[in-house]
Amino acid sequence: MDRTYIYADHAATTKLDPQALEAMLPYLTEAYGNPSQRYAFARPARRALREARETVARCIGASPEEIYFTSGGTESDNWAVKGSVCPGGRRRIFTSTIEHHAVLHACAAMERAGCPVVYLPVDAAGVLPPDTLRAAVTPDAGLVSVMLANNEIGTVEPVRELTGIARQAGALFHTDAVQAVGHIPVDVRDLGVDMLSASAHKFGGPKGVGFLYIRSGAELSAFMDGGGQEAGRRAGTENIAAIAGMAAALEASVLRMEENRVHLESLTERFRRRLAASGLDAVLNGAENRIPGSISASFRRAEGEMLLHRLDLKGIAVSTGSACNARSTELSHVLRAIRVPEEYAGGTIRLTFGPENTAEEVDYIVNCLREIIGG
Ligand code: PLP
């Protein structure tokens, strides 16, 4: 990859960690046995699967038998939402308006199947106040699904408080922790969640692999019927190389978490200061409690999509919170939910820094923004 290109979109995906690649290689080459087979040749694959499950469990404070490997965040979210309430029983789902589409569209599918869903509003920082859930929850609640960190604005939700309310109501609690795992400390017991989704490619692992934590005893139907893999709940021959890579990447991210946090927060702070000094009229979105290195900035009377393309021409990758068509600018559901003032919302970009980004790159990005918007 050309190092002159500045990648500032780590919430979209991350570079494969060299340790993850190293952990994957044996299972892509000589150790290709099927872990379900009983002969000695399959033993390395079986061991890799067991060790990966132990590593992932240790990194999030779970037990190995509570970790179920999946194809990523989308599958984990779909499993949690669709497997925990029975449409026939009409148990109600409570979720927030700023969830990822993997949760929102899974909820919409449940609605079509006859299961009522309540979409709870968030405040201007994107936080779901515990009192909002407390006031809304009903005795027929089957599932509460609220993300741990938002992918567009970086806001960390008060999940620990929310799980207590769900438990009192007798509902299961799922959290989409795709943007949180590997970036902030995550302990499933401390959070009190019944299910937690994660995706490897957001923390230096390969794409197309993730996991769902399911608390022992939590009732959730099987997601994929077939062979007996994943305790018979998610059938299909395991992608051993990807799973081994995910475990190695997660372990490395947890080890470097504090060092990364310090670096990413210094970049964020630098961006804020440079932006304030630039004279550009912008608002920053999201709460104080946020994912390190994540910035959502809305520029007055600018167009997010135009900014994305102009920055791209200057060798900078960021993402936007809006899409333009011939007649109007369509805002993302998250920007609408947090009610970013109209004259700013259309000009929103998301920057998410990673360990390889530098202070010089931050300065260059702000200079480019000044040139594009101010000039
Ligand atoms: N949930 C959140 C919060 C995400 O940010 C994403 C990906 O951007 C997903 C779920 C989907 O994860 P995956 O790409 O592994 O399917």
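Express the Stokes-Einstein translational diffusion coefficient of segment 335-375 in µm² s⁻¹, to the nearest whole number, given a Kirkwood radius over alpha-carbon pairs, 25 °C and a viscosity of 0.890 mPa s. Diffusion coefficient, whole number: 200 µm²/s.
Accessible area of K207 (1.4 Å probe, protein heavy atoms only, ligands and nucleic acids ignored): about 130 Å².
Solvent exposure of the chain amounts to 43 Å² per residue of accessible area, where only protein heavy atoms count and the probe is 1.4 Å. For the chain, the longest principal axis of the C-alpha atoms and the axis of helix 43-60 are separated by about 50°. Every Cα-Cα pair of segment 72-176 was included, and the share exceeding 18 Å stands at 40 percent. Could you work out what % of the accessible surface of the chain is carbon and sulfur, using a 1.4 angstrom probe and leaving DNA, RNA and ligands out of the count? Roughly 52 percent of what the probe reaches on the chain is carbon or sulfur. To the nearest ten degrees, helix 159-169 and the longest principal axis of the Cα atoms of the chain are 50 degrees apart. Which of the three applies to segment 115-197, rounded, prolate or oblate, going by the alpha-carbon gyration tensor with a ≥ b ≥ c and a/c under 1.5 meaning rounded? Judged from the Cα gyration tensor, segment 115-197 comes out oblate (a/c at least 1.5, b/c at or above a/b). As a calculated quantity, the FRET efficiency between L313 and E258 at R0 = 41 Å, using C-beta atoms, amounts to about 0.70. The Rg/Rh ratio of the chain, with both radii computed over alpha carbons and Rh defined as the Kirkwood radius, is 0.99.
Taken one residue at a time, the phi angles of segment 191-199 give Karplus couplings (6.51, -1.76, 1.60, θ = phi - 60°) of 6, x, 7, 8, 9, 8, 9, 8, 9 Hz. Gly and Pro are set to x. Helix 257-278 and the longest principal axis of the C-alpha atoms of the chain enclose an angle of approximately 20°. Mean projection of the Cα convex hull over all viewing directions, computed for segment 99-253: 9.8 nm².
In segment 23-96, what chymotrypsin sites (Phe, Trp or Tyr not before Pro) fall in a loop by DSSP, with at most 13 other Cβ atoms inside 10 Å? Each step should come with its number before you reach the end.
Working: sites: Y27, Y32, Y39, F41, Y68, F69, W79, F94; in loops: Y32, Y39.
Passing both the DSSP loop test and the Cβ count: Y39.
For segment 204-327, the fraction of C-alpha pairs farther apart than 20 angstrom is 66 percent. Stokes-Einstein, applied to the Kirkwood radius of segment 1-96 over Cα pairs at a viscosity of 0.890 mPa s and 25 °C, places its translational diffusion at 143 µm² s⁻¹. Taken along the Cα-to-beta-carbon direction at a fixed 7 Å, the label points for T237 and A42 span 1.0 nm.
The values are calculated or read from the model by the stated rules, or taken from the named source; none is laboratory data. Note that the structure is a prediction, hence the values are computed from the model and not measured. Neighbour counts run over all protein chains shown; Cβ positions are idealised from the backbone, glycine included. Side chains included, ligands, DNA and RNA excluded: accessible areas come from the protein's heavy atoms. Shrake-Rupley method; radii C 1.70, N 1.55, O 1.52, S 1.80 Å.
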